[in-house]
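The block underneath contains the structure these notes are about, expressed in structure tokens.
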Amino acid sequence: MFILASVGSATASFLANICAGLVGAGLIAYAVLGGADFGGGVWDLLARGPRMEQQRAAIAHALGPVWEANNVWLIYVITVTWTTFPVVYASVSTALFIPIVLALVGIVLRGAGFGLRSQYARNAEMAVAWGYIFNGASVIAPFLLGALAGGLAGGHIHVHNGVVSANYWTTWTTPFALTCGAFAVAICATLAATYLSVEAKTDNNLPLAEDFRIRALLAGAVTAALGALAALLAAFESPQLWSGLIGKALPLSLGAMLIGLATAYALLAQRFTLARYLVAGEMACILAAWAVAQYPYLIIPDVTIGNASAPESVLLAATLASAAGMLLLLPSLWYLFYIFKARPHDAPRQTAAQLADQGYRLAFPPTEEPTSGRADH
Amino acid sequence: MSNLIAARAAMGSTLAFHIIFASLGVGLPVLLCVAEGLGLRNGDTVWYALARRWSQAFSILFVVGAVSGTAISFEMGLLWPRFMGFASSVIGTPFAMEGFAFFTEGIFLGLYLYGWDRLSPRAHWLCSIPVAVGGTASAFFVVTANSWMNSPTGYTAVNGKVTNVDPLGAMFNPGTPSETVHMILASYQVAAFAVAAIYAVALLRGRRTTYHTRGLLLPMAFGTIVAPIQAYIGDLSAKMVAHTQPAKLAAMEGLFHTVAGAPLRILGIADPNTQQTNFSIEIPKLLSWLAYGDPNSVVKGLDAFPRADWPNTLLVHLAFDLMVGTGALMIVLPIWFWFLYYRNGRTIPESRISKVMLWTAVLTGPLAFIALEAGWMVTEIGRQPWIIQGVMRVADAVTPVPGAGLTILLVFMLIYLVLTVALVYLLLRLARQRPKAAEPDAGAGNSATAAQA
């Protein structure tokens, strides 16, 4: 009996770790892909210089087809968390209610602002208004998500027998948490500027690529400074995270620093594509270092992967569902990014848009629409 | 306002908002897929023109559906953490699957909306299929979780914690088959009758082109197929409610007293104080027959349950009748339409009766949305005071954070109000525009630059 029970619990513990890994992987995907969409909003806000409008157009062009899909990574992270670690979701939603609501407002307004601004393209004032909403939300959302992460690692959220106690304000407004928020905004901006420089280069718009390359370098420097500050503050405010970062996660911490330097080199050397992969790797490495440093804690100091996981059958179902889902998802994502982000490939001889245009002309012969020109300009 | 009432108002209003866009996100892709498929097969480009126009409207609607859906996944924890702490391991698996279904829809929708001038006609049409399948699958998975709240199975509770979770057993609870299909078909009906209404307006304004006629024919055909199936599924759903949630059935039917040979009451004011349903039309024994297949069977009235456990009878009964009445209209309208259409040699006649029919079609559009909301109110308000039928009360599920409900209620009402105004403006502008070639779809990459890239 004893042996059976321990075998059962070993499986459960293994599955719980797998599920925590799935949450972590989902977060990294969201950060690398969705983070760049937030960063796009930051650069939209900071667009300036002779190519200001080109910068904004490039951002809109880059985000358009992919931001909705990128946003789903967040939903994946949330659903897997609540399924496999119900206590975590319930406790975090209570303890960090305020920043979550604010981040949510940011996420909703970012999406709506971006989507609606492009629809209002022909109504200048409305486009500007929705543009500001898109910009502002793009700064607020990653800032609060970063502060949330800082709050989780701060050690001020206590959970006993499923009852949460935490200060609704001070938990996420410590210097460490706020620095994490600023760091999140800076690294999202670095990601976005690097990706955008590659896309401008692909379109053979070299001055624009240069704009974004310089922005990536500047944002990268700010990111490095904020990262150093956050690490310093962690040593005082979140000793457990800090000892993990210089302990078991040391290879990843050093890796993050080295990749950061390599990214700076790639940008300086105008190796755009290399820089894109490196900066994505940088983001992934930082989050992985954090995750390993905090392991096995989900919320420091009370909640661990072991004591918060759902029953084994649930962990197994979530793992299998994720595996099956990924088989469907990864090829689809590859196709999406291949069509919109890969090097230009030959346009098809005939496109669906051409057929639709023919259809319009067939349904509405030109003589029938004398006023169409006015409606359009 | 107590935190509980505010939290219920917040959840109810944000769901009522989201359900509109979510349903269109399930239904419209089917129309897009069929219209473009017809164009591809017959080489008939007018179908393409229609599909592209719908895709422009859909790109606006989908944004709002996606962001309001993200909000709801957070709100579940923000407003009902004790419910999520208890139940989320049981109902989480379908939510994770919903994530993947929605992922598929989102990815291929990106390809579809922005791929008009990047993809070959065949590849573009093929992209519409995973959008439609993903949308319908999302609806299925999400509604399994709601149906679990109505008829929870697949776990045992020990000391307020769930054990022995059988994720598939929870997902395929007794309510699942009828409730999921009912919701999916409702989404199809909403999309079909909303689009039909728009082209009915165009036809009434004398735009009798092939383009506008087809814009009415296709959704009308879709609605014709779906509406009678919906009546059948709705009946199955009500029988399941009779079985698993007798108090909800009693509220739906305005039945206060347990009785053999219960009558079906149409309309009327179900007053919980006098325990009478006044001013209703009664059809003797029909409810007993509908619920249990025997005109003399006993149907439990609300008196079989403690007074504190009654849902709001007035609201639930009228919402139910509103839904059923609109459902009936959605069966009759297509029959009327096809009768006039075929009698006139397969064209829509210009007679006065045809105008009345078209006006009815115009009205059915908004009514379909109202029926959708009414049906949702029946299932949610009818379950009160429970959040999980017979297991957990909403009062025990609500967040302890002070002012949480009111905060979310006010913040999201404001955001959604602004979004609604912006959307209505955009959709009206889109409707007023003459369909025109080379329209930038989603604004970001207009056709010319995208074609060069």
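Every number here is computed from the coordinates shown, using simple stated rules; none is lab data. Computed from a prediction, not measured in an experiment: that's the story for all the values here. Cβ placement follows ideal geometry from the backbone for every residue including glycine, while neighbour counts extend to all protein chains displayed.
Before moving on, here are some points about what is shown:
- Cα convex hull, the range A:70-141: 73 Å³ per residue, rounded to a whole number.
- C-alpha long axis of helix A:175-202 to longest principal axis of chain A, angle in °: 40
- For the range A:218-287, the convex hull spanned by the alpha carbon atoms encloses 70 Å³ per residue.
- Across the range A:19-58, counting alpha-carbon atoms alone, Rg and Dmax equal 14.8, 49 Å.
- Under 5 Å, built H, 5+ apart or other chain: amide partners of B:Val259: B:Val299, B:Gly301
- Axis angle, to the nearest 10 degrees, between helix A:124-153 and the longest C-alpha principal axis of chain A: 20 degrees.
- Summing Lys and Arg as +1 and Asp and Glu as -1 over all other residues whose Cβ lies under 14 Å from the Cβ of B:Pro306 gives a net charge of +1.
- Rg [Å, one decimal], Dmax [Å, integer] - the range A:233-337, C-alpha atoms: 18.0, 52
- Nearest-ten-degree value, helix A:67-84 long axis tilted from longest Cα axis of chain A: 20
- Solution diffusion estimate, µm²/s, Stokes-Einstein, chain A, Kirkwood Rh from C-alpha pairs, 10 °C, viscosity 1.306 mPa s: 71
- Tail fraction, Cα-Cα pairs, the range A:1-96, threshold 19 Å, whole percent: 60
- Derived scalar couplings ³J(HN,Hα) [the range A:278-295; Karplus, 6.51 cos²θ - 1.76 cosθ + 1.60; whole Hz; x for Gly, Pro]: 5, 5, 5, x, 4, 4, 4, 5, 5, 5, 5, 4, 4, 4, 5, 4, 8, 3
- Listed by chain and number, the lysines whose C-alpha is less than 27 Å from the C-alpha of B:Lys285, apart from same-chain residues fewer than 8 away, are B:Lys239, B:Lys248, B:Lys300.
- Listed residue (B:Ile348, B:Trp376, A:Thr171) projecting farthest to the positive dipole end of the protein assembly as shown, Cβ model: B:Ile348
- By the count of other C-beta atoms within 10 Å, a proxy for reagent exposure, A:Leu45, A:Leu278 are ordered fewest to most as A:Leu45, A:Leu278.
- Cleavage-rule hits, trypsin sites (Lys or Arg not before Pro), the range A:62-153, DSSP coil, Cβ neighbours within 10 Å at most 16: A:Arg122
- For the options A:Leu241, A:Leu274, A:Leu320, a Gaussian network treatment of chain A with springs between C-alpha atoms closer than 10 Å singles out A:Leu320 as fluctuating the most.
- Inverse mean reciprocal Cα-Cα distance (Kirkwood Rh) of the range B:276-359, Å: 16.7
- In a simple Cβ point-charge model (Lys, Arg +1; Asp, Glu -1; nothing else charged), the range A:1-148 has a dipole of about 200 debye relative to its Cα centre.
- Selection among B:Tyr188, B:Val259, B:Val143 by position relative to the dipole of chain B gives B:Tyr188 as farthest towards the positive end (Cβ unit charges, Cα centre).
- Only Lys, Arg (+1) and Asp, Glu (-1) charged, at Cβ; chain B dipole about Cα centre in debye: 1280
- Whole-number D in µm²/s for the protein assembly as shown (Stokes-Einstein; Kirkwood sum over Cα pairs; 4 °C, 1.567 mPa s): 46
- Residue with peak Gaussian network fluctuation, chain A [Cα springs, cutoff 10 Å], from A:Trp169, A:Trp67, A:Trp43: A:Trp169
- Pairwise label distance in nanometres, A:Glu53 with A:Ala221, each label 7 Å out on the Cα-Cβ vector: 3.1
- Working value for the range B:87-150: equivalent-ellipsoid semi-axes of 31, 9, 6 Å, each the square root of 5 times a Cα gyration tensor eigenvalue, largest first.
- Amide H contacts of B:Leu264: B:Ile283, B:Lys285, B:Leu286, B:Leu287, each under 5 Å away and 5 or more positions distant or on a separate chain (H built 1.01 Å from N in the peptide plane; Pro and chain starts excluded).
- Using θ = phi - 60° in the Karplus curve 6.51 cos²θ - 1.76 cosθ + 1.60, the 3J(HN,Hα) couplings for the range A:110-115 round to 4, x, 5, x, 5, x Hz; x is entered for Gly and Pro.
- At least 30 Å along the helix axis (C-alpha) and Kyte average at least 1.6, DSSP helices within chain B: B:404-432
- Debye log10 I(q)/I(0) for the range B:26-77, one point scatterer per Cα, at q = 0.22, 0.31 Å⁻¹: -0.76, -1.07
- Shape of the range B:114-168 from the C-alpha gyration tensor: prolate (a/c of 1.5 or more and a/b above b/c, with a ≥ b ≥ c the square roots of its eigenvalues).
- In the range B:252-294, chymotrypsin sites (Phe, Trp or Tyr not before Pro) in a DSSP loop with at most 11 other beta-carbon atoms within 10 Å: B:Phe279
- Rg to Rh, two decimals, where the range A:129-222 supplies the alpha carbon set and Rh follows Kirkwood: 1.18
- Cα lying deepest toward the dipole's positive end in chain B, options B:Leu217, B:Ala247, B:Ile387, charges on Cβ: B:Leu217
- Taking N as its residue count, the alpha carbon Rg of the range B:327-374 over 2.2 N^0.38 Å: 1.23
- Debye intensity ratio I(q)/I(0), log10, the range B:309-399, q values 0.17, 0.19, 0.21 Å⁻¹ (C-alpha model): -0.76, -0.86, -0.96
- The range B:236-270 residues near the modelled B:Phe305 label - backbone nitrogen below 14 Å, point 7 Å along Cα→Cβ: B:241-258
- At 1.002 mPa s and 20 °C, Stokes diffusion of the range B:47-183 via Kirkwood alpha-carbon radius, µm² per second: 129
- Cα-Cα pairs of the range A:143-190 separated by more than 18 Å (percent): 32
- Sequence-ordered 3J(HN,Hα) estimates for the range A:255-268 from the Karplus curve with 6.51, -1.76 and 1.60 and θ = phi - 60° stand at x, 4, 5, 5, 5, x, 5, 4, 4, 4, 4, 4, 5, 4 Hz, glycine and proline given as x.
- Equivalent ellipsoid semi-axes - Cα gyration tensor, chain B, angstrom: 39, 28, 19
- Longest to shortest principal axis, alpha-carbon extents of the range B:179-263, angstrom: 57, 23, 17
- Each Lys and Arg adds +1 at its Cβ and each Asp and Glu adds -1 at its Cβ; summed about the Cα centre, chain A shows a dipole of about 480 debye.
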